[in-house]
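Just so you know, all these numbers are worked out from the coordinates, no wet-lab data involved. Everything numeric in this text was worked out from a predicted model, so none of it was measured. Cβ atoms come from the backbone with ideal geometry, glycine included; neighbour counts cover every protein chain shown.
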Amino acid sequence: MSDPNQPSPNPASTDWRAERRAERHARREARGPVGGAIVGLVLLVIGAVLLADNFGYHLPERWWAALLLIPAAGSLVSAIRFWREDARMSARVTGSLAGGLIFLVLACAFFFGVNWNFLWPAVLMLMGASLMARSYWPK
C-alpha cells in the first residue's frame, strides 16, 4: 500500500492536477468577481429591508416574494446571452426564457396576492409549452 503523503513515483499523475487547477483558475478569471458581488448585493438589500422594518417603515406584507425576482432575472439574462451566442432560438434559449418567465409569474403572483387556484394551471401550461418548445428547436 502506498503512502499518500509521499510523492507519486509517476510524474504524469501530478500533471493532470496542475492542468485542472490552471483551467479552473482561468474560468474564474474569465468570470470575474460578478458572482460574489451579486450575492453581496442580495445580502445587502435583504439586510436593509429588515433594518427598515425594525425602524418602523411599513413594508409590503409579502416583500419576500420580490426575492423570486433574483433567479428570474438570472434566467432571463442567460436567455439573452444564449440568444446572442446562438443567433437563433435554440433549446437552451427557450429553457432559460421559460424558467425566467415562471419565476417572474410566481414572484408577481405571491407579491400581489393572486388567487393560487387561478394561477397554478397557467404555470403548468407554461411549463408544458416550455418542454414542447425545447424539443422543437434543435440544440
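In sequence order, the range 37-53 has phi-based couplings of 5, 5, 4, x, 5, 4, 5, 5, 5, 4, x, 5, 5, 5, 5, 4, 5 Hz under the Karplus curve 6.51 cos²θ - 1.76 cosθ + 1.60, θ = phi - 60°, and Gly or Pro positions carry x.
Per-residue 3J(HN,Hα) values for the range 108-116, derived from phi via the Karplus relation 6.51 cos²θ - 1.76 cosθ + 1.60 with θ = phi - 60°, read 5, 5, 5, 5, 8, x, 5, 5, 5 Hz in sequence order (x marks Gly and Pro).
Can you sort Trp63, Trp16 so the residue with the fewest Cβ neighbours within 10 Å comes first?
The most exposed by this proxy come first: Trp16, Trp63.
Computed extension length for Arg88-Val49: 10.0 nm, one decimal, from 0.36 nm per residue of separation with the Cα-Cα distance subtracted.
Out of the range 21-97, which GluC sites (Glu not before Pro) are coil in DSSP terms and have no more than 15 other C-beta atoms within 10 Å? Could the numbers behind the result be given before it?
Details: sites: Glu23, Glu29, Glu61, Glu85; in loops: Glu61.
For GluC sites (Glu not before Pro) across the range 21-97 that sit outside H, G, I, E and B with at most 15 neighbouring Cβ atoms in 10 Å, the list reads Glu61.
Within the range 12-136, the proportion of C-alpha pairs whose separation exceeds 19 Å stands at 66%.
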